[in-house]
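Since the structure comes first, as structure tokens, the remarks are kept for the end.
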Amino acid sequence: MVDNIPDNSGASTFCKIVPEKINIEPFTMVIFGGTGDLSQRKLLPTLYHLCTDQNLPGDYAIIGFASSKRSDEDYRTLVRKAVEEFSEGPFSDACWERFSRHLYYVSGNFDDIESYKNLSRRLEEIARPTAKGSKEIIYYLAVPPHFLSSIFERLSYCELCRGTFDTRLIIEKPFGRDRDSAAALNALISKSFDERQVYRIDHYLGKETVQNILFFRFANSIFEPLWNRRYIDHVQITVAESLGIENRARFYEEAGVIRDIVQNHMMQILSLVAMEPPIGLEAEYIRNEKVKVYKTIRGMDDEYIDRFTVPGQYGNGKISQRAKYKVVQKGHKT
Ligand SMILES: NC(=O)c1ccc[n+]([C@@H]2O[C@H](COP(=O)([O-])OP(=O)(O)OC[C@H]3O[C@@H](n4cnc5c(N)ncnc54)[C@H](OP(=O)(O)O)[C@@H]3O)[C@@H](O)[C@H]2O)c1
């Protein structure tokens, strides 16, 4: 809604744009890996923010699902610590009170059918229906990648994908290890979920700086006419982190930085920097333009890799005087 508000000087008018209020239906989010690093540092503080900004409905539930034994109360204590440590805004006891009563915990093993039956029982008990009577369940998979297929199979076996619940599936990157394993995962998911239910996410795209690239490029009348090969010699994309690998050495040993950063975050930024204007802001239009960019990128052969890439290996180091890991050059081509 736009209100025209008279300017007292009488010289001009300005517009006050009132943000649209979105009506969010009751939902239940099951966070697989609800005690892990991603959940503690990002997901749970973000959900808390949504609560403090009053962007959550009155009825919702967040269920952490992980292997360690905990009660609902223990889980609330863990989440409180995470929110206090990692939340960007000030912590408020009153907001915490409102938020924490929606938190639950299910202890189980991702490989064990009994754990899913237990989860199903708790969902029946906890999940609240929407106005239309359906129960909206979001499965957020914040888990090490090697668990994905096991989880899809067991959700499907226990009939937790379609039918009783209206479900959505959110999958954190990395999605597979390479093209073949990603295709195999897609094939497995499509047996139990329709594509409209599936969200493969790269949280980098939610960062404000990244989101602003499109507006900066296409809505800024100074840069829009200049952003092309006639005026730009080359583009460098730097991923500058203030974090080391922290306690993720095991994950890093398995995935490596190319899978963790380059083929998702950096390629997404590259496409936003290089794509043509999409015909609309819907996901499909943006995705189509990104795909066109990827199709124009030449593949790297061995000679190109030898000449233009420098791989490295992390070792001991410091960031802001704290002991961390640094990348030490290991030589060309691994
Ligand atoms: N951390 C990040 O900043 C980040 C960023 C982007 C994407 N990701 C992706 O997010 C995913 C999770 O990463 P993370 O760093 O959060 O991993 P993490 O810290 O290792 O957490 C793993 C979670 O899975 C649970 N778990 C492990 N084995 C289990 C099993 N057999 N049965 C039940 N629960 C089990 C753990 O529960 P217990 O603690 O109870 O064992 C824990 O909650 C990965 O795919 C990663 O690539 C992470």
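Values in this text are rule-based calculations from the coordinates and carry no lab data. A quick note: this is a predicted structure, and the numbers were derived from the prediction, not measured. FYI the Cβ positions are ideal-geometry reconstructions off the backbone, even for glycines, and counts take in every protein chain you see.
Could you list which residues have their amide H under 5 Å from that of Val198, counting only those 5 or more apart in sequence or on another chain, with H placed in the peptide plane?
HN-HN under 5 Å from Val198: Leu169.
What fraction, in whole percent, of alpha-carbon pairs in region 128-240 exceed 20 Å separation?
Across region 128-240, Cα pairs with separations above 20 Å total 58 percent.
Could you pull out every residue, at least 5 positions away or on a different chain, whose amide H is within less than 5 Å of the one on Val106? Hs are placed 1.01 Å off N in the peptide plane, and Pro or chain starts have none.
Gly64, Phe65, Ala66
By DSSP, what percent of the beta bridges with both residues in the chain are antiparallel, rounded to the nearest 5?
Rounded to the nearest five, the antiparallel share is 35 percent.
Name the residue, out of Ile201, Ile279, Ile171, whose mean-square fluctuation peaks in a Gaussian network model built on the chain with Cα pairs under 10 Å.
Ile279
Which value in deg cm²/dmol, rounded to the nearest 500, describes the helix-derived mean residue ellipticity at 222 nm for the chain, given -39,500 (n - 2.57) per DSSP H run of n ≥ 4 and division by the residue count?
-10500 deg cm²/dmol
Going toward the positive end of the dipole of region 124-222, with +1 on Lys and Arg Cβ and -1 on Asp and Glu Cβ, which of His146, Ala187, His203 do you reach last?
Farthest towards the positive pole: His203.
Quick one: which residues, 5+ away or cross-chain, put their amide H under 5 Å from the amide H of Glu136? H built at 1.01 Å from N.
Amide H to amide H, under 5 Å and 5 or more residues apart or across chains, Glu136 pairs with Thr28, Thr130, Asp166.
Would you kindly derive the ³J(HN,Hα) couplings of region 301-307 from the backbone phi angles with the Karplus curve 6.51 cos²θ - 1.76 cosθ + 1.60 (θ = phi - 60°), listing them in order in whole Hz, with x for Gly and Pro?
8, 4, 5, 4, 4, 4, 7
Find me the longest stretch of the chain that has none of the exposed GluC sites (Glu not before Pro), where exposed means in a DSSP loop (not H, G, I, E or B) with at most 12 other Cβ atoms within 10 Å.
In the chain, the maximal stretch lacking such sites is 89-240.
Below 12 angstrom from the Cβ of Ile261, what's the summed charge of the other residues (Lys, Arg +1; Asp, Glu -1)?
-1
Exactly which trypsin sites (Lys or Arg not before Pro) in region 151-216 are in a DSSP loop and have at most 16 other Cβ atoms within 10 Å?
Of the trypsin sites (Lys or Arg not before Pro), the ones in loops of region 151-216 whose Cβ has at most 16 other Cβ atoms within 10 Å are Arg162, Arg177, Lys207.
Remind me, what semi-axes does region 76-143 give for its equivalent ellipsoid, largest first in whole Å, using sqrt of 5 times each Cα gyration tensor eigenvalue?
That gives 26, 18, 11 Å for the three semi-axes.
Among the chymotrypsin sites (Phe, Trp or Tyr not before Pro) within region 20-100, which fall in a DSSP loop and have no more than 16 other Cβ atoms within 10 Å of their own Cβ?
Answer by residue number: Phe91.
Could you pull out the trypsin sites (Lys or Arg not before Pro) across region 33-125 that fall in loop regions by DSSP (anything but H, G, I, E, B) with no more than 15 other Cβ atoms inside 10 Å?
Sparse-neighbourhood loop trypsin sites (Lys or Arg not before Pro): Lys69, Arg101.
Let me know the Kirkwood hydrodynamic radius for the chain, please, with Cα pairs as the basis and the value in Å to one decimal.
23.1 Å
Name the residue, out of Thr167, Thr35, Thr52, whose mean-square fluctuation peaks in a Gaussian network model built on the chain with Cα pairs under 10 Å.
Looking only at Thr167, Thr35, Thr52, the biggest GNM fluctuation is shown by Thr52.
In debye to the nearest 20, how big a dipole does the chain give about its Cα centre with +1 on each Lys and Arg Cβ and -1 on each Asp and Glu Cβ?
560 debye
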